[in-house]
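Engineer: Input: one structure, supplied below.
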Amino acid sequence: MWAGRPEEEAMRAQVSVILPVHNAEPWLDECLRSVLQQDFEGSMELSVFNDASKDKSMAIIEKWKVKLEGSGILVVIGGHDSPSPRGVGYSKNQAIAQSSGSYLCFLDSDDVMMPQRVRLQLEAAVRHPTSIVGCQVRREPPNSTERYTRWINRLAPGQLLMQVFTSNGPTVVMPTWFCSRAWFSHVGPFDEGGQGVPEDLLLFYNHLRKGGVRRVDQSLLLYRYHPSGATHSVLESTIWTHRVRFLEERALPHWATFTIWNAGKQGRRLYRSLTAEARRKVVAFCDVDENKIKKGFYCYEDSQEKPKPRVPILHFRAARPPFVICVKLDLTGGAFEDNLRSLHLQEGRDFLHFS
């Protein structure tokens with residue numbers, strides 16, 4: 001049972017903004033001002049956990065504590081000053097533990113909330129108590145991750161669940177997350193492995209095993225991109241491994257066989273990454289490249305099986321669904337998307353995107 005007890009609810013703020021901080025001096029003023037400017041009229045608190053910052057982050061937080069509490073927003077501050085930070089997952093867990101809100105609004109210290117964020121996401125979270133609620137974002141700088149930003153903002157409601165295998169991160173990005181404390185307690189906490197661990201993706205996967213995903217279709221967060229962002233510390237190969245395992249856990253058991261759409265580098269990489277049991281379900285690769293199709297098959301030379309697996313390579317129109325698609329979206333001037341649409345397939349049933 002994950003629901004909170006009524007006597008606990010009476011003592012809590014309605015919403016806690018969860019803010020881990022590590023050397024965030026360049027952005028904190030703008031971030032904290034956005035907390036102050038929320039148009040939410042219920043009780044709100046800010047829970048800050050300082051993860052061994054060595055800059056002026058704490059002085060900025062103390063300055064804003066006075067302003068925020070003067071406006072009726074309780075500020076709870078925790079942290080440590082060890083020589084090294086303990087990581088984003090640890091900091092988020094600590095900020096949650098010291099907070100009191102019945103609902104949790106996640107915020108990164110380099111991002112900025114629009115004034116209506118807490119109000120609109122709380123409304124959605126109340127309607128969908130077993131979901132993580134996200135929102136659309138505005139990227140800063142605007143041209144930093146154009147394809148990725150288009151993808152997270154344009155996903156249809158059903159695709160928030162169907163395209164969870166597609167990207168290096170969740171279909172609703174972590175700094176937009178909003179959910180009840182009771183629900184977080186049911187699916188959490190964050191992994192505390194520290195640098196190099198995709199703690200948001202792992203929690204997202206754990207959540208999907210139990211609940212759903214929703215999005216407020218308004219841009220409620222300025223989502224900043226910069227070289228020192230924590231996301232850059234996670235290796236692509238680490239995320240790839242987690243994605244493949246989640247695909248094998250959640251999708252492939254429903255299919256007796258499937259075709260990998262892309263006989264090139266990414267498709268072959270997926271094939272080699274699968275467990276032996278999952279590889280045996282692959283009946284073909286498909287492609288549009290005549291040179292690959294003329295080769296006739298892909299031989300997995302590193303396989304320990306005898307004889308080594310030889311998988312046919314077909315034109316996509318000759319292949320049969322379901323497909324795991326390893327072609328990146330929005331990169332071929334619409335040619336791939338047109339080919340896929342021409343087959344009149346249903347996403348989730350007949351195909352899933354992986355790249």
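The values are calculated or read from the model by the stated rules, or taken from the named source; none is laboratory data. All figures in this text were calculated on a predicted structure; none of them were measured in a lab. Neighbour counts run over all protein chains shown; Cβ positions are idealised from the backbone, glycine included.
Engineer: Kindly list the number of the only condition in (1) in contact (Cβ under 8 Å) with a residue 24 or more places away in the chain; (2) under 23 Å from the mean Cα position of the chain (by Cα) that fails for Arg245.
Structural biologist: (1)
Engineer: Taking the conditions exactly as written (closer than 28 Å to Glu140 by Cα, at pLDDT 95 or above and part of a strand (DSSP E or B)), does Val48 satisfy them or not?
Structural biologist: yes
Engineer: While we're on this one: Could you pull out the residue among Ser82, Ser53, Ser100 that is surrounded by fewer than 20 Cβ atoms within 10 Å (Cβ to Cβ) and without any contact (Cβ under 8 Å) to a residue 40 or more places away in the chain?
Structural biologist: Ser82
Engineer: Out of all the residues in segment 71-78, is one or more closer than 18 Å to Arg181 by Cβ, of a type in the set (Val, Ile, Thr) and part of a loop (DSSP other than H, G, I, E, B)?
Structural biologist: yes
For every residue, the table says whether it meets (1) buried (at least 18 other Cβ atoms within 10 Å of the Cβ); (2) in a helix (DSSP H, G or I); (3) outside the structural domain of Asn50 (by TED's automatic domain parsing); (4) of a type in the set (Lys, Arg).
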position	(1), (2), (3), (4)
Asp110	yes, no, no, no
Gln121	yes, yes, no, no
Ala125	yes, yes, no, no
Asn143	no, no, no, no
Trp183	yes, yes, no, no
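Engineer: For segment 47-54, state whether one or more residues are within 17 Å of Ile18 (Cα to Cα), in contact with a helix residue (DSSP H, G or I) (Cβ under 8 Å, 6 or more places away or on another chain) and hydrophobic (A, V, I, L, M, F, W, C).
Structural biologist: Yes, segment 47-54 contains a residue that is within 17 Å of Ile18 (Cα to Cα), in contact with a helix residue (DSSP H, G or I) (Cβ under 8 Å, 6 or more places away or on another chain) and hydrophobic (A, V, I, L, M, F, W, C).
Engineer: Would it be correct to say that Asp330 is in contact with a helix residue (DSSP H, G or I) (Cβ under 9 Å, 6 or more places away or on another chain), assigned to a loop (DSSP other than H, G, I, E, B), surrounded by fewer than 14 Cβ atoms within 10 Å (Cβ to Cβ) and at pLDDT below 95?
Structural biologist: Against the criterion (in contact with a helix residue (DSSP H, G or I) (Cβ under 9 Å, 6 or more places away or on another chain), assigned to a loop (DSSP other than H, G, I, E, B), surrounded by fewer than 14 Cβ atoms within 10 Å (Cβ to Cβ) and at pLDDT below 95), Asp330 does not qualify.
Engineer: Taking Asn291 as the residue in question, decide whether it is surrounded by fewer than 13 Cβ atoms within 10 Å (Cβ to Cβ) and either without any contact (Cβ under 8 Å) to a residue 40 or more places away in the chain or part of a helix (DSSP H, G or I) (or both). Steps first, please.
Structural biologist: Details: surrounded by fewer than 13 Cβ atoms within 10 Å (Cβ to Cβ): yes; either without any contact (Cβ under 8 Å) to a residue 40 or more places away in the chain or part of a helix (DSSP H, G or I) (or both): yes.
Yes; evaluated as a whole, the condition is true for this residue.
Engineer: Return yes when Phe190 is within 22 Å of Asn23 (Cβ to Cβ), crowded, with 16+ Cβ neighbours inside 10 Å and at pLDDT 95 or above and no when it is not.
Structural biologist: Against the criterion (within 22 Å of Asn23 (Cβ to Cβ), crowded, with 16+ Cβ neighbours inside 10 Å and at pLDDT 95 or above), Phe190 qualifies.
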